[in-house]
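First the structure, in the form of C-alpha cells, and then the observations on it.
The values are calculated or read from the model by the stated rules, or taken from the named source; none is laboratory data. These numbers come from a predicted model, not from an experiment. A quick note on method: Cβ atoms are made from the backbone with ideal geometry, for glycine too, and the neighbour counts reach across all protein chains shown.
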Amino acid sequence: MDDRSTEGKTALVTGASKGLGRAIAIRLAELGARVAVNYNSSQDAAAEVVAAIEGMGGEAFSVRADVSKVDEVKAMVVEVEETYGPAGILVNNAGIISDQLLMRMSDEAWHRVIDINLHGTFYCTRAVLRNMVRSRWGRIINIGSVVGERGNPGQTNYTASKAAMIGFTKALSKEVATRSITVNIINPGYVETETTAVLTDQQRDHWLSVIPQGHFGDADDIAHMVAFLAQERAKYITGQVICVDGGMAV
C-alpha cells in the first residue's frame, strides 16, 4: 500500500513530456502530488501527459523551460509557485545524449550535454531549494545513469555529466540533511525508451549480454523508485546512488 505523504505536495519533474519523465510524472500524480510537467520543445507531448494525469483525477500543468538557461529556470519555478505553491519534490530528469568518440567530439556536443544534464540540475535545484529549507521538508531526486559509474566509449560527455551528478548529490545531501530534505540519485540501466529504440540488433544483443537479468527495464521501474524516495517512508535515505539496472553495476 502506498504511503500518501505526497498527497497535495507540488512536484516539478523536468523533461517530463516523454520517456522516463512521463512515467515519473504520472506515478507521482497517482500518489496525489500536483505535478508540474516541464518540457522544452515537445509541447504536444507534455499536453498529453497533463491530459493523462487529469484523466485519472490528478492535477497537473505543463511549463516550458530549457533547463540549461538560468533565466528560463527561474521563470519556470515562479510559474510553478504561482500555480501550485513551492515545489516540495524536484525530479531532475531532463537530459540529452550527443555521442561521439572524444577525438571527434565537437565543442558544441560537449557543452550542450554538460549544460543540460549538469548545469540544468544545478539551476533547477538551486531555484527550489530555499523554499524547501524554509519549510524544512523536501525531496530532490536526480536521474543519473549507470554509465556515470561504469563509463561508456563514445559517451565521455554524457558520462562526465552523470558522474558529476553523483558528486553533486552526495555533497548537497550533507548540506541540507538537518532540514529534512533528502537528496538521492537513481542510476537507470538500459530502459525501453525512445533512446534505446534506435539501437541496432547487434547493439541490443551486446547490452543484453552484460545485464545479469537478461532484459531491458521499463520506465515504470524507474518511476516506482522515484515514488518511493518521494514519500515520507524514505526519510532516512539520503546521499545514495541507487542503481535500477538489472544488475549492470554489480
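General observations
- Selected residue (only one of V146, V133 is touching a helix residue (DSSP H, G or I) at 6+ places or on another chain (Cβ under 9 Å), buried (at least 19 other Cβ atoms within 10 Å of the Cβ) and not small (G, A, S)): V146
- Selection status of I114, at pLDDT 95 or above, over 12 Å from the mean Cα position of the chain (by Cα) and either assigned to a loop (DSSP other than H, G, I, E, B) or closer than 10 Å to N157 by Cα (or both): yes
- Tally of residues being closer than 14 Å to M76 by Cβ and surrounded by fewer than 24 Cβ atoms within 10 Å (Cβ to Cβ) across the range 3-26: 1
- Whenever a residue of the range 133-147 is more than 17 Å from K170 (Cα to Cα), its partners that are β-branched (V, I, T), lying with C-beta atoms within less than 6 angstrom and at least six residues away or across chains, give the pairs V147/T159.
- Selected residue (only one of D220, D245 is in contact with a helix residue (DSSP H, G or I) (Cβ under 8 Å, 6 or more places away or on another chain), acidic (D, E) and surrounded by 14 or more Cβ atoms within 10 Å (Cβ to Cβ)): D220
- The requirement of being at positive phi and of a type in the set (G, A, S) is fulfilled somewhere in the range 171-194, by at least one residue.
- Flag for M225 being more than 27 Å from S42 (Cα to Cα) and not β-branched (V, I, T): no
- Residue satisfying all of: in the range 186-235; closer than 24 Å to D99 by Cβ, in contact with a strand residue (DSSP E or B) (Cβ under 7 Å, 6 or more places away or on another chain) and aliphatic (A, V, I, L, M); modelled with the lowest pLDDT among these: V191
- Residue tally, condition on the phi < 0 side of the Ramachandran plot, under 15 Å from the mean Cα position of the chain (by Cα) and not charged (D, E, K, R), over the range 1-51: 19
- Selection from the range 167-185 of residues that are crowded, with 19+ Cβ neighbours inside 10 Å, hydrophobic (A, V, I, L, M, F, W, C) and either in a strand (DSSP E or B) or touching a residue at least 60 places away in the same chain (Cβ under 8 Å) (or both): I181, V183, I185
- The range 59-102, subset among the acidic types (D, E) and assigned to a loop (DSSP other than H, G, I, E, B), residue modelled with the highest pLDDT: D66
- Flag if E54 is over 21 Å from V226 (Cα atoms), modelled with pLDDT of 95 or more, over 18 Å from the mean Cα position of the chain (by Cα) and not basic (K, R): no
- Selection of the range 186-195 for residues being within 17 Å of A249 (Cβ to Cβ) and either in a loop (DSSP other than H, G, I, E, B) or free of Cβ contacts under 8 Å to residues at least 60 places away in the same chain (or both) yields I186, G189, Y190.
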